[in-house]
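The values are calculated or read from the model by the stated rules, or taken from the named source; none is laboratory data. Fair warning: this is a prediction, and the values are worked out from it, not measured in the lab. Every residue, glycine among them, receives a Cβ derived from its backbone with ideal geometry; neighbour counts consider all protein chains shown. Side chains are part of the model used for accessible areas, which takes the heavy atoms of the whole protein and leaves out ligands, DNA and RNA. Shrake-Rupley method; radii C 1.70, N 1.55, O 1.52, S 1.80 Å.
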Amino acid sequence: MSFLRNRLLTVCMLLLTSVAVAEAQQADEKDAGATEQAQREQKLEQQMSGATLVGHFSVDGKQNGKPPREERYEIASMKKLQGDQWLITARIKYGDNDVNVPMPLNVFWAGDTPVISLTNMTIPGLGTFTSRVMFFEGRYAGSWQHGKVGGNLWGKIEYAEQKSESQDEK
C-alpha cells in the first residue's frame, strides 16, 4: 500500500512540476511576444515618420483604358497612443489647401504586418472616408471608400532616410 501511495505521490509531483514548467514557458513566450510587438511598433513609428507613400489609386468602374492615377501621401509623423490607437499627421494637398492634418486611427497587426484602419472618418474639407491599408517590405496596398465611390491604392514607401540619402547624392 505504501508503495502505491509513494508512486501516486511521485506521479502527482511530476505532474505539478510539468504544469509549473509549462506555465513558466508560456509566460516567457508571452513576454518575448510582447517585446517583439513593442519592437515592431517602434520600428513602424521610426520608419513612417517623415515617409512618403508614392503610388497609384484606382476608382472602381472608372478605368476606361486609362492608367491608374498617381498619388502621394506625406507622413509628417506617426505615433502610437495606446492600445491599437495611433496618431498620424499627414500632409494633405487638395486644391488650394496644403495642410498637415492629425488623424487618430487604429493600427492592427496581421502577424508582423501593420494594417491602418479607419472607418467613416471625416477629414475637414475633404469628406468622410473608410480605408484599410497594409504596409510590408517597403510597399503599401489597400482599399478606400468615399461615400459611394471606392477603389484600391498601392505603391512604394519612400522612407525619410532614403529621401535624405538620395538628396545627398545629388
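May I ask you to compute the full-extension gain from ALA110 to PHE57, defined as 0.36 nm times their residue separation minus their alpha-carbon distance, rounded to one decimal in nm?
On the way: separation 53, 0.36 × 53 = 19.08 nm, distance 2.29 nm.
Result for the pair: 16.8 nm of gain on full extension.
How much accessible area does ARG69 have with a 1.4 Å probe, in Å² rounded to the nearest 10?
Accessible surface of ARG69 is approximately 140 Å².
If r is the Cβ-Cβ distance from GLU41 to LYS66 and R0 is 41 Å, what FRET efficiency results, to the nearest 0.05?
Numbers: r = 39 Å, r/R0 = 0.95.
The value I calculate is 0.60.
What does the C-alpha gyration tensor say about the overall shape of region 61-149? Classify as rounded when a/c is under 1.5, otherwise prolate if a/b is larger than b/c, or oblate.
It is oblate, given that a/c is not under 1.5 and a/b is not larger than b/c.
Using a basic spin-label model with each label point 7 Å from the Cα along Cα→Cβ, how many nm lie between ALA34 and VAL101?
Distance between the two pseudo-spin positions: 3.7 nm.
How big is the accessible area of ASP60 in square angstrom, nearest 10, if you roll a 1.4 angstrom probe over the protein chains?
Surface accessible to solvent at ASP60 totals approximately 100 Å².
Quick one: dipole size for region 33-170, taken about the Cα centre, charges +1 on Lys/Arg Cβ and -1 on Asp/Glu Cβ, in debye to the nearest 20.
Approximately 480 debye in magnitude.
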